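Report on the following structure.
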Amino acid sequence: MAHRVVIVGAGQAGVETAVALRSKGFNDPIVIIGDEDCAPYQRPPLSKEFLKTATDSDDLVLRPGAYFDRNNIELRCGRKVTAIDRDRQRVALDDGGTLDYQHLVLATGTRNRQLQVTGADLRGLHYLRTLDEAHALTARLPACGSVVVIGAGFIGLEVAAAARMHGAQVTVVEAAGRPMGRALSAPMSDYFAELHRSQGVRLMFNTGVYEIAEKAGAAATVVTDTGERIDAEVIVVGIGVIPNTELAAAAGLAVDNGIVVDTQLRTVDPHISAIGDCASFPVPDSAGLVRLESVQNAVDHARCVAARLTGQACDYDKVPWFWTEQFGAKLQMAGLVTGHDRTVVRGDPAHGSFSVFCFHGDTLLGVESVNAARDHMAARKLLAAGCRISPDDASDSTVDLKGLSTH
Ligand code: FAD
């Protein structure tokens, strides 16, 4: 009997699962079902090149359409999976159809967290996760005089940088005390805050949004919890995402800030895996589960599941890495810095090329590099190999990091 793999979600993780299965010689049927009504695309450029220049959206596709035909991968776009019948190993679709699977991969990603204040439902409030949302924003940004961004996370700050480069007055309102604070060390947050200020972005930290006020029925003013009213031609909300776990939860699979999987990315049902932004998974040497939102995580998860389905099962142990780009500063992160209690700096922030090494005690947890690709690559190798490096050596630019990872 053919071993059909059904993949729910045609994003980075879903498409890469199909690609990896075929490249590993899997010859049975593969069906990808995605509820967005367009060819699968990359999201990272949506808040970078796409906002700055009028990039053709064809350049964003994950694979050209012919790839799916050539590799006999059935791609059903604009179609939603509405339920999973685990007993029958069958999914239900929103057109009333059903599809049997021998293995089901949940790659359902995340959706925007919605702002919950008066006026949040007004016309003209922008979010940025999908291609449609990016089109709506690019239609407004180049000719707009003022922008307020709510949320100083990665996407909010990338939007702020793009808006500033188009010449708009930009204000960023953030409830926390520093930018990108959930993911970055304080020294790196401070560097990016200073970078934005130096480019003319107004940053308001420890400031909440009280309401969005309207003009002619459209969102026009952000009212902060300190009572300040900031008018804007464009208001963009970037306050994080919520994992799409409802399908899994309704099927009785465990959910804990994501679909819970084991070290091989299997749910409690051995016929169902969950990967990418929607999956909560165990990380080696750390208690609890993590859920990551990055291309690397989506792609490496997909490859891990494809390896298992083709008889090469192994635990998922990849070093996480991520990047962002703002005002020409390319930040690359390796590892997870949560829980660090010491940082040392290598290189010179004043020259715009440096790295922050984050330690817990003597253990290196992660490295954040700005315009320092060599440090970043060496850090990934050090972390993958579990090599020890002292804070003194890390901060000493004469110590060869690459050499340390080969010892
Ligand atoms: P997604 O890309 O969210 O794909 C999931 C798909 O499943 C979606 O199309 C969803 O609509 C669909 N779906 C959900 N439920 C169903 C259902 N029931 N039936 C059918 N389809 C369904 N990462 C980086 O590493 N670096 C960056 O610089 C970076 N920049 C980013 C910029 C932006 C603007 C955004 C939005 C993200 C960025 N990311 C970046 C994050 C990265 O894009 C994500 O981590 C990655 O796309 C996750 O892939 P995924 O396949 O897990 O989820």
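The values are calculated or read from the model by the stated rules, or taken from the named source; none is laboratory data. From a predicted model like this one, the values you see are computed outputs, not experimental measurements. No Cβ is skipped: glycine too gets one built from the backbone with ideal geometry, and neighbour counts run over all protein chains shown. All accessible areas refer to the heavy atoms of the entire protein, side chains included, with ligands and DNA or RNA removed. Shrake-Rupley method; radii C 1.70, N 1.55, O 1.52, S 1.80 Å.
Ranked from the most accessible area to the least, with a 1.4 Å probe and all protein chains present, what is the order of His351, His360, His3?
Numbers: His351 150, His360 100, His3 70 Å².
Sorted by accessible area, descending: His351, His360, His3.
How large is ³J(HN,Hα), in whole Hz, for each residue of segment 219-235 in order, when computed from phi with the Karplus curve 6.51 cos²θ - 1.76 cosθ + 1.60 and θ = phi - 60°, using x for Gly and Pro?
Whole-Hz 3J(HN,Hα) from phi for segment 219-235: 4, 9, 9, 9, 9, 7, 6, 9, x, 6, 10, 10, 6, 8, 6, 10, 10.
Keeping all protein chains in place, calculate the accessible area per residue for the chain (probe 1.4 angstrom), answer in Å².
Working: 18080 Å² over 407 residues.
Result: 44 Å² per residue.
Rounded if a/c is under 1.5, else prolate if a/b beats b/c, else oblate: with a ≥ b ≥ c from the C-alpha gyration tensor eigenvalues square-rooted, which is segment 49-195? Please report the intermediate quantities before stating the final value.
Working: a/c = 2.16, a/b = 1.82, b/c = 1.19.
Prolate shape, in that a/c is at least 1.5 and a/b is the bigger ratio.
Cα gyration tensor of segment 164-232, axes a ≥ b ≥ c as square roots of the eigenvalues: rounded (a/c below 1.5), prolate (a/b > b/c) or oblate? Write out the running numbers ahead of the final one.
On the way: a/c = 2.88, a/b = 1.58, b/c = 1.82.
Oblate is the answer for segment 164-232, as a/c is 1.5 or above yet b/c matches or exceeds a/b.
Putting +1 on Lys and Arg Cβ atoms and -1 on Asp and Glu Cβ atoms, find which of Ala186, Phe322, Val170 reaches farthest to the positive end of the dipole of the chain.
Selected residue: Phe322.
For the chain, give the magnitude of the charge dipole about the Cα centre (Cβ charges: +1 Lys/Arg, -1 Asp/Glu; no others), in debye to the nearest 20. Write down the numbers at each step before the final one.
Numbers: 39 positive and 49 negative charges, 96 e Å.
It comes to approximately 460 debye.
Which of rounded, prolate or oblate describes segment 11-125 when judged by the alpha-carbon gyration tensor and an a/c cut-off of 1.5?
Details: a/c = 2.52, a/b = 1.32, b/c = 1.92.
Note, shape of segment 11-125 comes out oblate.
How much of Ser397 can a 1.4 Å solvent probe reach, expressed as accessible area in Å² and rounded to 10?
Near enough 80 Å² of accessible area.
Note the full-extension length gain between Thr398 and Asp37 as 0.36 nm times their separation in residues minus their Cα-Cα distance, in nm to one decimal. Could you put the intermediate results ahead of the total?
Working: separation 361, 0.36 × 361 = 129.96 nm, distance 5.24 nm.
Net length gain for the segment: 124.7 nm.
Based on the inverse mean of 1/r over its pairs of different Cα atoms, what is the Kirkwood hydrodynamic radius of segment 239-317, in Å? Write down the numbers at each step before the final one.
Details: mean 1/r = 0.0791 Å⁻¹.
For segment 239-317, inverting the mean 1/r across all distinct Cα pairs yields 12.6 Å.
Largest first, how would Lys381, Lys215 line up by accessible area (1.4 Å probe)?
On the way: Lys381 105, Lys215 150 Å².
Listed by decreasing accessible area, they come as Lys215, Lys381.
How large is Rg over Rh for the chain, taking Rg from the Cα atoms and Rh as the Kirkwood inverse mean of 1/r across Cα pairs?
Details: Rg = 22.2 Å, Rh = 22.6 Å.
Looking at the chain, the ratio lands at 0.98.
Could you tell me how many cubic angstrom of Cα convex hull volume segment 127-188 has per residue? List each step's numbers first, then the result.
On the way: hull volume 5.3 nm³, N = 62.
So the per-residue Cα hull volume is 86 Å³.
Would you please calculate the Kirkwood hydrodynamic radius of segment 317-398 over all C-alpha pairs and express it in Å, rounded to one decimal?
Details: mean 1/r = 0.0797 Å⁻¹.
It is 12.5 Å.
Label-point separation (nm) for Gln102 and Ala143, each offset 7 Å from Cα along Cα-to-Cβ?
5.6 nm
Please report Rg over Rh for segment 42-96, where both radii come from the alpha carbon positions and Rh follows the Kirkwood definition.
Values: Rg = 16.5 Å, Rh = 14.3 Å.
Rounded to two decimals, Rg over Rh is 1.15.
Under 11 Å from a point placed 7 Å out from the Cα of Arg182 along the Cα-to-Cβ direction: which residues of segment 240-281 have their backbone N that close?
From segment 240-281, the list is 240-243.
Please work out the Kirkwood hydrodynamic radius for segment 279-326, using every pair of different C-alpha atoms, and report it in angstroms with one decimal place. Working shown, then result.
Details: mean 1/r = 0.0841 Å⁻¹.
This gives a value of 11.9 Å.
Carbon and sulfur: what percent of segment 121-238's accessible surface (1.4 Å probe)? Kindly include the intermediate steps, with their values, before the conclusion.
Details: 2370 of 4900 Å².
Here it works out to 48 percent.
Provide the net charge surrounding Ala298, with neighbours chosen by a C-beta distance below 15 Å and charges set as Lys +1, Arg +1, Asp -1, Glu -1. Numbers along the way, then the final one.
Numbers: positive: Arg43, Arg63, Arg129, Arg291, Arg303, Lys318; negative: Glu16, Asp277, Glu293, Asp300.
Net charge in that neighbourhood comes out at +2.
Calculated FRET efficiency, Thr118 and Asn206, Cβ-Cβ r, R0 25 Å, to nearest 0.05? Each step should come with its number before you reach the end.
Values: r = 21 Å, r/R0 = 0.84.
Plugging the Cβ-Cβ distance into 1/(1 + (r/R0)^6) gives 0.75.
Using the Cβ atoms and a cut-off under 10 Å, what net charge is assigned to the surroundings of Arg346, where Lys and Arg are +1 and Asp and Glu are -1? Walk me through the numbers on the way to the answer.
Working: positive: none; negative: Asp348, Asp375, Asp393, Asp396.
Every neighbour counted, the sum reads -4.
Once the Cβ-Cβ distance between Arg374 and Asn72 is put in as r, and R0 is 41 Å, what FRET efficiency do you end up with, to the nearest 0.05?
Details: r = 41 Å, r/R0 = 1.01.
Computed FRET efficiency for Arg374 and Asn72 comes out at 0.50.
Rounded to two decimals, what ratio of Rg to Rh does segment 261-407 give with C-alpha atoms and a Kirkwood Rh? Could you put the intermediate results ahead of the total?
Values: Rg = 16.6 Å, Rh = 16.3 Å.
That ratio equals 1.01.
So, in nm, how far is label Ala213 from label Asp59 when the simple model puts each one 7 Å beyond its Cα toward the Cβ?
For the pair Ala213/Asp59, the computed spacing is 4.0 nm.
In deg cm²/dmol and to the nearest 500, what is the mean residue ellipticity at 222 nm of the chain if only DSSP H runs of at least 4 residues count, each as -39500 (n - 2.57), divided by the residue total? Before the final figure, lay out the partial values.
Numbers: 11 runs with 100 residues, N = 407.
Theoretical 222 nm ellipticity from helices: -7000 deg cm²/dmol.
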